[in-house]
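What follows draws every value from the coordinates through simple rules; no lab data is involved. In this text, all values refer to a predicted model and were calculated from it rather than measured experimentally. Positions of Cβ are generated from backbone atoms using ideal geometry, with glycine treated the same way; all protein chains shown enter the neighbour counts.
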Amino acid sequence: MKPTTRGTLAAVVTGVAAVIGAAAVTPAVAAGSVPVPVPLDGVERGLNLPVPDIAGELPVPMPGSPEGPRYVEGRLLPDRAVPQLPVSAGLPGADVRTALPHVLGDGFDHLGLDAPAADLAALTPGLSLDAPLTAPNPAQLGMPDPKLPQVAVLTPLLKTVPEADLGMGAGA
């Protein structure tokens, strides 16, 4: 095999391996949440007591694109001077398991709480303004009429459905 052919073959194999490796590894931002383990092994060994197993999930907020200003006939300024920004993320999740010394009898030797991360959709506050003048009035040679200025604060919005499961049972 010629050295040129070997070099080309090596470059192709290296490129294919890089593409496969990049496809297999996904960044943390592509995931909706990041797992957060709580290491308590040192406490368990130091105190010689069983400690609960604790793990959590932290959401990664993802901003969306804002809805632009809307122009309304008869107003000098657009309807939403400061648009609301949509943000999608989630509420943090938790998973806690701890051993019970048969407090409630046989078959109840652990207590567990499972609260998975819940989706959260939010809109930031916005602002809508209107000028103290009307549109040009043809009856007054194009001069606008005065009027009271208008200001409206667009309230923020939160939408989520959190859930949790608390249970006792046998096993760890």
Hey, can you grab everything whose amide H is under 5 Å from the amide H of L133? Only 5+ residues off in sequence or another chain; H modelled, so Pro and N-termini drop out.
K147
Points 7 angstrom from Cα along the Cβ direction at D114 and L133: gap in nanometres?
6.5 nm
Rounded to one decimal in nm, the spacing of the 7 Å Cα→Cβ label points at T98 and V36 is 1.9 nm
Would you mind computing, in nm to one decimal, how far apart the modelled labels at V82 and E44 are, each placed 7 Å from Cα along Cα→Cβ?
5.0 nm
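Which of E73, E57, E163, E67 comes first, and how do the rest follow, when ranked by fewest Cβ neighbours within 10 Å? Don't jump to the answer; show the numbers that get you there.
Numbers: E73 5, E57 19, E163 10, E67 13.
By the 10 Å Cβ count, ascending, the order reads E73, E163, E67, E57.
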